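What follows is a short report on a single structure.
Please treat every number below as a calculation from the coordinates, not as lab data. Since we're looking at a predicted model, the values are computed, not measured. Cβ atoms come from the backbone with ideal geometry, glycine included; neighbour counts cover every protein chain shown.
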Amino acid sequence: MSSILSVENLSLKVQKEELLKSVSFEIKKGEIFALVGESGSGKSLTSLAIMRLLPDAIFVSSGDIKLKNRSLFILPESQMQKVRGKSIAMIFQEPMSALNPVMTVGKQVAEVIEIHLGLKKEALKAKVVSLFTEVGIKEPEERYHWYPHQLSGGQKQRVMIAIALACEPDLLIADEPTTALDVTIQADILKLLKKIRAQRDLSILFITHDMAVVSQMADRVAVMRHGEILEQAACKTFFDNPQHPYSKSLLKEALGGKESREVPKRTEKLLTVKDLKVYFPIKKGFFQRTVGHVKAVDGVTFSIPKGRTLALVGESGSGKSTIGQAILSLVPITSGTVKFEDLDLSGLNQRALKPYRQKMQVVFQDPFSALDPRMTIGEIIREGMVSLESGGKEKALQDEVIKELLLKVELKPEYVHRYPHEFSGGQRQRIGIARALAVEPELIICDEPTSALDVSVRAQVLQLLKKLQQESGVSYLFITHDLSIVPVVADEVAVMKEGRIVEQGYVMDIMKDPKHEYTRKLLESAPKLPKEIKR
Amino acid sequence: MSIVLLWTDIMVWALVISLLIWGWVVSRSVQIKKQWHTIFKSSIAMVSAMVLLFYLFFALLDSIHLRFPIHSAGVQNQKVQYEGDIVSPLDLIFSHNIESTERTYSAPFSTHEYAKSIVVDENGVTKQAYLPLKYVSQSDDLVLKSFAALVVGLIISCFLIVLHIFWRAGGHFMERFRQTWQGKTHLPWRTAYLTITLLIMTFTWLYMLSFHYHVLGTDKVGGDVLYQSFKSIRTGVLIGVLTTLIMLPVAILLGVSAGLFGGWVDDMIQYLYTTLSSIPGVLLIAAGVLVMQVMIDTHPHWFETTLERSDLRLLFLIMILGITSWTGLCRMLRAETLKISQMEFVTAAKAFGVGKFTIIRRHIVPNLMHIILISVVLDFSGLVLAEAVLSYVGVGVDPTMYSWGNMINQARLEMARDPMVWWSLFSAFVFMFILVLAANLLSDRVQTVLDPRNRV
């Protein structure tokens with residue numbers, strides 16, 4: 001096989017700081033080459049360097065990139081324009097922002113073809129339609145005239161792939177193409193990419209942080225950290241026998257310390273949700289008349305025992321976050337009951353709810369928006385203690401508690417006077433957990449607490465949550481879309497679809513033997529690591 | 001002697017005090033302090049701030065009003081009678097200019113009037129001649145006097161600078177002095193000192209020469225233009241500052257409520273500001289001022305002096321300007337509040353059972369602060385200019401009040417005359433230009449530093 005792209009000792013610098021250190025790899029024709037690493041490891045910089053789209057401040061200090069034995073760095077910009085799109089095409093993580101919202105998707109694909117291949121009118125449209133068919137867009141003739149907002153996330157990603165394929169490139173750079181998508185859609189897109197590769201003998205540079213996706217997709221793998229390639233191997237050898245310690249730890253964390261939890265004994269129920277319905281009114285016109293309802297949660301029943309974890313699994317829009325908010329009385333409940341121990345919370349007003357606010361807390365998904373940027377860590381943690389009058393009235397007493405909490409979540413007590421922007425994502429998530437713990441709750445609702453974090457950080461945060469549960473006997477309602485972490489954290493699981501629970505039971509039972517068709521589909525779609533290393 | 005408190009005086013001093021309190025509060029927050037440090041790291045911001053402080057100094061000097069009792073000898077135990085005029089410290093400084101009123105126009109530094117007058121000389125012959133000015137020294141030592149004035153200015157500014165370095169140094173005076181001289185200080189103090197020196201020297205030059213000349217000429221009725229320009233500073237600064245003071249609470253309260261509470265509250269507020277902003281501003285202001293004028297005219301017994309009357313009109317103008325200009329900021333704050341109230345830290349606060357008003361105070365308003373600050377500084381220059389335009393149209397401040405707008409309005413007809421009377425317009429323009437330029441440059445810098453979107 002001939003080499004399509006070769007990167008030779010590429011080093012990038014911004015001022016004096018080295019961002020990439022002598023990165024070399026080669027992509028052969030018809031090969032899927034995966035670049036794996038956590039955020040900040042330099043994967044995306046490498047792809048930008050290949051496209052010669054680096055920001056001005058970053059410069060190439062040494063090395064070369066060759067496309068079919070032709071160096072890209074010596075090409076004039078006008079030639080490079082032709083290379084981009086025609087020889088190398090790119091698809092991005094966020095299909096929403098990569099498409100122009102005021103142009104029909106058909107026009108956007110046509111535009112690229114017109115520029116690079118010079119087709120006109122009927123031929124042009126025929127080409128677009130055939131591309132749409134190839135990437136699996138149904139009714140391509142009609143979709144030609146649709147605008148991006150009318151398409152779903154997965155369909156937009158298909159359009160992006162169509163644009164990338166339009167000029168029959170030699171190399172496709174896919175920068176985290178499925179990270180923003182739901183599991184089932186991710187599976188479809190990955191399948192599509194593989195199919196296209198087979199049909200066109202296309203080379204793909206696949207950038208991702210997800211080991212499971214790599215094991216399904218790649219022919220060869222390179223692991224990056226801090227701008228260096230640590231290990232490079234064929235996919236099978238890599239997963240059978242990783243060499244570098246970092247690769248080993250990545251793989252281990254991707255598996256998530258697979259200890260099977262014993263089937264819990266029946267314990268007292270802490271929270272019981274019965275036939276919960278949350279409808280959001282659709283309001284229109286003068287003085288907001290209600291014209292209809294969106295059924296976000298439509299008759300959900302479950303319960304959480306003391307000291308246990310229930311995982312609520314579902315794709316985006318299935319209403320799982322709304323349930324969390326309804327339990328906290330942050331959104332009005334349309335009908336049904338939420339019982340905490342023996343008291344029905346659903347009819348209470350804010351004042352009567354206050355004692356129960358202390359017992360239920362929440363940890364959020366996005367560690368960046370969850371902390372007020374204008375408050376110090378100490379103030380953030382103190383807020384709940386003051387509002388709910390727990391942990392002592394005097395400031396000195398509260399300070400003690402705050403210090404203990406920071407130690408508990410494995411942060412330094414000196415951090416109290418710092419501001420959120422001084423911390424990394426994982427550290428912020430720990431602060432968020434400390435804030436929830438400050439009022440000594442009995443139930444913590446974790447709303448996708450790890451989905452914005454890197455793999456290794458994710459493992460640490462999950463470990464922390466588990467440790468806290470063992471220490472204080474707190475219960476979790478764990479809301480997630482990621483099936484792979486469910487066995488690690490949860491005792492029971494409930495699978496949601498379109499506002500209803502389709503299946504629930506003990507984790508082991510459902511993971512082994514799913515009854516409902518949708519659960520089965522979810523489990524199948526989730527990318528899996530090869531069987532051998534599971535042991 | 002007694003102090004007269006005009007409405008605008010009370011407001012302006014209340015504002016100064018609250019600004020000082022705010023500064024004290026800010027100085028305790030590390031993050032905000034750092035931001036302000038970043039703002040003043042730029043020498044342009046430092047220069048602008050110094051110029052603005054200079055203007056503010058004169059505005060404050062002109063915002064203390066005094067009345068002196070009439071000393072009638074012999075009559076004791078009687079109620080003290082006061083003079084009809086209310087004066088400010090600025091008037092006292094320029095008292096020689098107030099007294100030395102000429103007959104009519106004269107150009108800057110001239111010794112004779114600008115137009116010929118008919119005179120009858122000692123021989124009984126009637127002729128046209130340029131009459132000499134009454135209060136101008138006829139000796140020809142302008143250079144010497146300028147030199148003396150500049151030296152005095154230099155000495156005063158050196159004294160102030162040394163005092164300030166001494167205060168900053170806290171013991172290591174020489175070291176600090178050297179650092180400042182070489183420009184190695186954390187903030188560009190050297191630039192600041194240069195600006196101050198320049199400003200003070202210009203002022204002393206203008207001021208000391210004003211004892212011998214009409215430095216910027218005289219107007220139609222012989223009033224000194226230099227004095228008028230300095231008196232106008234208060235009007236301009238007050239309109240810029242106090243209007244924002246009136247507008248801010250309204251904009252913040254309505255904007256935040258609309259964004260946070262949503263529903264019918266949001267609807268009401270939106271209808272309100274959409275309606276208000278679709279009425280032409282000038283029309284509303286003109287109507288308001290006319291109503292006010294009628295009220296003032298029908299109740300002459302409310303006011304002891306003309307100054308009080310014109311002050312009330314100024315206050316009213318400020319209020320109307322405030323009412324018409326809050327809509328833009330309100331709209332912006334509503335949008336930003338909508339965004340912030342969806343953020344998870346607000347949800348977290350709700351989950352803690354924190355009350356709505358505490359959420360507004362603790363989470364929302366601090367996160368709106370950069371927008372508020374930027375728009376305040378930007379609006380300031382716009383309002384100073386608006387005063388000039390409104391006075392020109394005839395619905396601005398009271399015609400007896402000194403303001404750049406009135407100066408321009410009075411000078412506009414003389415622009416057509418040949419030879420042209422340019423100095424009134426020129427002085428008003430320069431004074432206003434420097435103020436607005438400084439405010440704009442500072443706001444530019446504030447915007448760059450405080451707007452989170454500008455962070456790299």
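General observations
- Of interest is the spacing of the C-alpha centroids, which for the range A:331-410 and the range B:291-315 amounts to 57 Å.
- Estimated 222 nm signal from helices in the protein assembly as shown, with DSSP H stretches of n ≥ 4 weighted -39500 (n - 2.57), rounded to 500: -16500 deg cm²/dmol
- Coil-residue trypsin sites (Lys or Arg not before Pro) of the range A:94-141, DSSP, other Cβ within 10 Å capped at 14: A:Lys120, A:Lys138
- Taking the C-alpha atoms only, the angle from helix A:377-388 to the longest principal axis of chain A is near 40 degrees.
- Exposure proxy order (Cβ contacts within 10 Å, fewest to most) of B:Thr243, A:Thr179: A:Thr179, B:Thr243
- Here the range A:495-525 and the range A:167-217 have alpha carbon centers that stand 26 Å from each other.
- Calculated diffusion of the protein assembly as shown, Stokes-Einstein form, Kirkwood radius summed over Cα pairs, 37 °C and 0.692 mPa s, µm²/s: 94 µm²/s
- Taking the longest Cα principal axis of chain A as reference, the axis of helix A:121-134 is set at about 50 degrees.
- Cβ-to-Cβ counts within 10 Å put A:Thr208, B:Thr202, A:Thr334 in ascending order as B:Thr202, A:Thr334, A:Thr208, the fewest first.
- Legend: distances between Cα atoms for A:Lys21/A:Lys68; A:Lys283/B:Lys350; A:Lys21/A:Lys191; pairs beyond 31 Å are A:Lys21/A:Lys191.
- Listed residues A:His421, A:Ser390, A:Gly118: farthest to the positive end of the dipole of chain A (Cβ charges): A:Gly118
- Pairs beyond 30 Å (Cα-Cα), from A:Lys412/B:Lys184; A:Lys359/A:Lys412; B:Lys34/B:Lys231; A:Lys339/A:Lys528: A:Lys412/B:Lys184; B:Lys34/B:Lys231; A:Lys339/A:Lys528
- Against chain A, whose longest principal axis comes from its Cα atoms, helix A:395-408 is set at around 50 degrees.
- Packing-based order for B:376-385, B:174-183, using average beta carbon neighbours within 10 Å, highest first: B:376-385, B:174-183
- Cα-Cα separations in chain A greater than 35 Å, expressed as whole percent: 44 percent
- Helices assigned as whole DSSP H runs in chain B whose Cα atoms extend at least 18 Å along their own long axis and whose mean Kyte-Doolittle hydropathy is -1.0 or higher are found at B:7-26, B:43-61, B:142-169, B:189-209, B:225-261, B:263-278, B:281-298, B:306-341, B:365-393, B:423-450.
- Separation between Cα centres of the range A:17-45 and the range A:294-314, rounded to whole Å: 41 Å
- Low-density loop positions, trypsin sites (Lys or Arg not before Pro), the range A:9-63 - DSSP coil, at most 10 other Cβ in 10 Å: A:Lys16
- Charged side chains reduced to their Cβ positions (Lys and Arg at +1, Asp and Glu at -1) give the range B:242-444 a dipole of some 640 debye around its Cα centre.
- For B:Phe203, A:Phe73, the sequence from fewest to most other C-beta atoms within 10 Å is A:Phe73, B:Phe203.
- Shape call, the range B:2-209: gyration tensor on alpha carbons, a/c limit 1.5: oblate
- Test item: A:364-376 mean partner chain Cβ contacts at 10 Å: 5
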